[in-house]
Amino acid sequence: MWEFFIKNNKFAYLFLIALIGLGSYSIVAIPKESAPEVVIPVGVVTTVLPGAPATDVESLVTNEIESGLSSLENVKKITSTSREGVSSVVVEFDASADIDTSISDLKDEVDTIKQDLPQDAEDPFVSEVNFVDQPILTIAISGELSDFALTELSNELEKRIESVSGVSRVEVSGVRNREVTVIVNQESLLRFNVSLSEVSGAIGRANLTLPVGQIINDGVSYNVAFEGDIADSEQIQHIAVASRGGQPVFVKDIAVVEDGLAPASSLSRL
């Protein structure tokens with residue numbers, strides 16, 4: 001072979017020029033992406049069994065789902081996690097499998113399996129794992145600040161990042177929403193002959209733009225939504241809830257208003 005190129009050096013030069021030309025054209029013509037989309041067919045089956053310990057979730061839900069999914073085609077690997085009240089089964093398909101077809105087949109199989117699950121179990125939810133939606137940057141905020149100050153700081157940072165060109169979505173986790181609590185004094189209600197429904201109705205109808213909050217009476221909490229255009233919780237104190245003897249009865253006369261944060265429902269760690 002080498003002797004051919006040595007004896008026909010002109011052909012060798014032409015071949016080399018053609019090779020360089022083809023390579024240069026490929027560099028220009030082939031599409032290039034700095035962050036190419038990664039498509040890996042992965043589906044997650046999440047099932048809730050309220051109040052069940054992890055061992056029961058595994059034996060009654062997770063094992064049933066894994067067994068039923070074993071007949072699926074193009075499955076590369078199945079992994080699962082069982083914890084108190086929740087079963088999570090991750091199905092990874094072969095890279096060559098069509099993602100839409102794979103997820104559709106997974107949903108069909110799960111619809112069949114759910115008949116064998118406990119009656120108390122909620123219907124399994126099938127979701128597709130989209131790696132494009134995974135975060136490219138995670139920021140943790142900590143400091144010697146109150147929970148309210150950290151929440152305000154997180155919300156402000158969220159707005160600033162969203163304003164950056166090219167940012168598709170920003171999600172904040174581990175923070176507590178603002179919540180206004182009205183703690184009613186039972187003795188004051190009796191003294192002014194005001195019912196709790198009058199208090200709740202007056203606050204709900206007030207011209208206020210505030211998050212959903214609570215009215216607490218004698219240790220019992222009642223949710224209430226605020227509507228309107230005023231975002232100052234102190235205004236709640238001056239809402240008239242009734243009229244007695246020609247004089248208005250204000251919220252401040254029968255209750256204490258606290259502007260704080262809702263109870264924590266999740267924790268985020270980094």
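A few points about this structure:
- Lone qualifier among Gln134, Gln115 - being closer than 19 Å to Val61 by Cα and either at pLDDT 90 or above or exposed (fewer than 11 other Cβ atoms within 10 Å of the Cβ) (or both): Gln115
Table: residues versus (1) charged (D, E, K, R); (2) assigned to a helix (DSSP H, G or I); (3) closer than 30 Å to Asp259 by Cα; (4) assigned by TED's automatic domain parsing to the domain that holds Gln237.
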{"site": "Glu109", "(1), (2), (3), (4)": "yes, yes, no, no"}
{"site": "Gln119", "(1), (2), (3), (4)": "no, no, no, no"}
{"site": "Val126", "(1), (2), (3), (4)": "no, no, no, no"}
{"site": "Ile139", "(1), (2), (3), (4)": "no, no, yes, no"}
{"site": "Val167", "(1), (2), (3), (4)": "no, no, no, no"}
{"site": "Arg191", "(1), (2), (3), (4)": "yes, yes, yes, yes"}
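Yes/no per residue for (1) of a type in the set (Phe, Trp, Tyr); (2) in contact with a Leu (Cβ under 8 Å, 6 or more places away or on another chain); (3) loosely packed, with under 15 Cβ neighbours inside 10 Å:
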{"site": "Ser24", "(1), (2), (3)": "no, no, yes"}
{"site": "Ile30", "(1), (2), (3)": "no, no, yes"}
{"site": "Gly68", "(1), (2), (3)": "no, no, no"}
{"site": "Ile103", "(1), (2), (3)": "no, no, no"}
{"site": "Leu106", "(1), (2), (3)": "no, yes, no"}
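- Verdict on Pro118 being touching a Leu at 6+ places or on another chain (Cβ under 6 Å), within 30 Å of Leu72 (Cβ to Cβ) and touching a residue at least 12 places away in the same chain (Cβ under 8 Å): yes
- Residue in the range 76-94 that is surrounded by fewer than 10 Cβ atoms within 10 Å (Cβ to Cβ) and either outside any strand (DSSP E or B) or in contact with a strand residue (DSSP E or B) (Cβ under 9 Å, 6 or more places away or on another chain) (or both) present: no
- Residue match in the range 50-61 (condition: in a strand (DSSP E or B), at pLDDT 90 or above and charged (D, E, K, R)): no
The values are calculated or read from the model by the stated rules, or taken from the named source; none is laboratory data. This structure is a prediction, so every number in the text was calculated from the model and none was measured. Using ideal geometry, Cβ is built from the backbone for each residue, glycine included, and neighbour counts are taken over all protein chains shown.
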